[in-house]
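Quick notes on the structure that follows.
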Amino acid sequence: QVQLVESGGGLVQAGGSLRLSCAASGIIISSINPMGWYRQAPGKQRELVATITRGGSTNYADSVKGRFTISRDNAKNTVYLQMNSLKPEDTAVYYCNVKYGINWSRDYWGQGTQVTVSS
């Protein structure tokens, strides 16, 4: 059974920081599996926040560039999201993602962790 378990969410004031962690079990994450974080705010579709790929290449949504940093530790089957200078518009449920299968067409998802940023 594959599980992705997020931790580190919570309530912070604008300008504060949080670090999210996602620990995978039931699978071994290799260095070639794309991994990422997505988020979904009330009334909105789930959107990409950040991804990290083979060799450590990263991509970020424009809204979080310069503020968020994604990293991974394959030996620990863990992906992280460091979030700095948080804004109220960052409020959402954040989901960990690992892609697998042919052409990375399938996804493992965590259950989500709530991040709330107050003004």
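The values are calculated or read from the model by the stated rules, or taken from the named source; none is laboratory data. The structure displayed is predicted, hence computed values, not measured ones. FYI the Cβ positions are ideal-geometry reconstructions off the backbone, even for glycines, and counts take in every protein chain you see. Note: areas computed on protein heavy atoms with side chains; ligands, DNA, RNA excluded. Shrake-Rupley method; radii C 1.70, N 1.55, O 1.52, S 1.80 Å.
Miscellaneous remarks
- Counting the residues of segment 31-60 that are open to solvent by 20 Å² or more (accessible area, probe 1.4 Å), at pLDDT 95 or above and of a type in the set (A, V, I, L, M, F, W, C) gives 2.
- Within segment 51-70, considering residues that are of a type in the set (A, V, I, L, M, F, W, C) and in contact with a Leu (Cβ under 8 Å, 6 or more places away or on another chain), the one nearest to residue 108 (Cα to Cα): 70
Residues are listed down the side, and each one gets a yes or a no for (1) touching a Ser or Thr at 6+ places or on another chain (Cβ under 9 Å); (2) over 24 Å from residue 1 (Cβ atoms); (3) not in a strand (DSSP E or B):
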{"residue": "24", "(1), (2), (3)": "yes, no, no"}
{"residue": "32", "(1), (2), (3)": "yes, no, yes"}
{"residue": "37", "(1), (2), (3)": "yes, no, no"}
{"residue": "50", "(1), (2), (3)": "yes, yes, no"}
{"residue": "75", "(1), (2), (3)": "no, no, yes"}
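- Only residues that are small (Gly, Ala, Ser), open to solvent by less than 60 Å² (accessible area, probe 1.4 Å) and within 19 Å of residue 25 (Cβ to Cβ) were counted in segment 72-119, giving 3.
- If you go through segment 61-71 and keep only what is open to solvent by 60 Å² or more (accessible area, probe 1.4 Å) and outside any loop (DSSP other than H, G, I, E, B), you end up with just 69.
The rows are residues; the columns are (1) among the acidic types (Asp, Glu); (2) closer than 29 Å to residue 119 by Cβ.
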site	(1), (2)
6	yes, yes
16	no, yes
20	no, yes
37	no, yes
66	no, yes
73	yes, no
78	no, no
103	no, no
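- Members of segment 79-119 that are part of a loop (DSSP other than H, G, I, E, B), at positive phi and over 16 Å from the mean Cα position of the chain (by Cα): 85, 101
- First in segment 96-113 and more than 10 Å from residue 22 (Cα to Cα), second anywhere and among the aromatic types (Phe, Trp, Tyr) and surrounded by fewer than 18 Cβ atoms within 10 Å (Cβ to Cβ), Cβ under 6 Å, 6 or more apart: 106/100
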